[in-house]
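Here's the structure, in structure tokens; my notes come after.
Throughout, read-outs are computed from the coordinates displayed, never taken from laboratory work. Nothing here was measured: the structure is a model prediction, and the numbers come from that model. For neighbour counting, all protein chains shown are included, and Cβ atoms are generated from backbone atoms with ideal geometry for every residue, glycine included.
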Amino acid sequence: MEHYFMKTKKYIIANWKMNLGLAQTVSLAKEFKKKFAGFNRGEVAVCPTVLALTETAEILKGSGIKLGAQNVFWEDKGAYTGEISADMLVEAGCRYVILGHSERRKHLFENYEEIHKKIRAVVETEKLTPVVCIGESLEEKKSDRRDFVLVDQLQQALSGIDVFGEQEIIIAYEPIWAIGTGTAIEPAEAEYAHKIIKLALNDLFGMRVNNKNFRIIYGGSINPKNVKGFVNLENMDGLLVGGASLQADEFYKIAKAITKQ
Ligand code: PGA
């Protein structure tokens, strides 16, 4: 029964990227808290700039909204200038951490070998859920390599990771060509990609662990209008939202729509 509930729970994660400073984050977090008071239809999380994590954690106390970070480093501590460890994120009040976002892969040349080390460090805390981003570029899509790319990214990111107990791992399918464009992928295409991901996870972890511990969410230009097409798709456990999450009202509409049964 518990698994049934867990499986049907939807995740709606706001990625505020580097769009807001401390004061703006604080004010948006307050708006979110108000807007989502009493919302119990799914798991809502916000991922602000690292600068605002602790203040946001304070604001979110007493609400159901969880806190997430946008990145982590794989070592525990030491001489790693500019980096933040998984334990430090836990201490700041985080429950989630986005890993391997395509913007980091593009601008900071992050690769799946590094993402793998980050996932390992995050899972070892037993207190954080990684939101692992995968997705094909436009070129890869055009040359019909999407399926291969998705499976390859998953293998590189997750092979050899031990998944125990209640540990959750969220895979965010984010076709790079749909992010920040205003046009989401066709829902049927997302459903197809999620099926590929599901099958690849079955191969890597077996069906039992996959069903219990893994979730698959979609990200890329979701807004209150197009979200309707993503409701009740197979293997669609939620959404990672960028642009539209910068307005409490828009994000609330998205959360309400995707959690409609
Ligand atoms: P977008 O961003 O909703 O603005 O396309 C999604 C993401 O990058 O996670």
| request: May I ask you to derive the relative contact order of the chain, considering only C-alpha pairs under 8 Å and at least 6 residues apart, and to give it as an integer percent? | output: 20 percent
| remark: Expected max-MSF residue from D249, D147, D162 in the GNM of the chain (alpha carbon, under 10 Å) is D162
| note | Under a Gaussian network model of the chain whose springs join Cα atoms within less than 10 Å, the largest fluctuation of I59, I134, I222 belongs to I59
| field | Shape category assigned to the range 1-133 from the gyration tensor of Cα positions, a/c cut at 1.5 | value | oblate
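With a ≥ b ≥ c taken as the square roots of the eigenvalues of the C-alpha gyration tensor of the chain, please select rounded if a/c is under 1.5 and otherwise prolate if a/b is larger than b/c or oblate if it is not? If you can, show how the numbers build up before the last one.
Details: a/c = 1.31, a/b = 1.09, b/c = 1.20.
Taking the square roots of the gyration eigenvalues as a ≥ b ≥ c, the chain is rounded.
Return a whole-number percent for the relative contact order of the range 128-261, with Cα pairs under 8 Å and 6 or more residues apart as the contact set.
On the way: 202 pairs, mean separation 33.5, N = 134.
Result for the range 128-261 is 25 percent.
Ignoring GluC sites (Glu not before Pro) that are buried or in helix or strand per DSSP, and keeping those with at most 16 other beta carbon atoms within 10 Å, what is the longest stretch of the chain between them? Walk me through the numbers on the way to the answer.
On the way: sites that count: E75, E83, E126, E166, E234.
Result, exposed sites excluded: 1-74.
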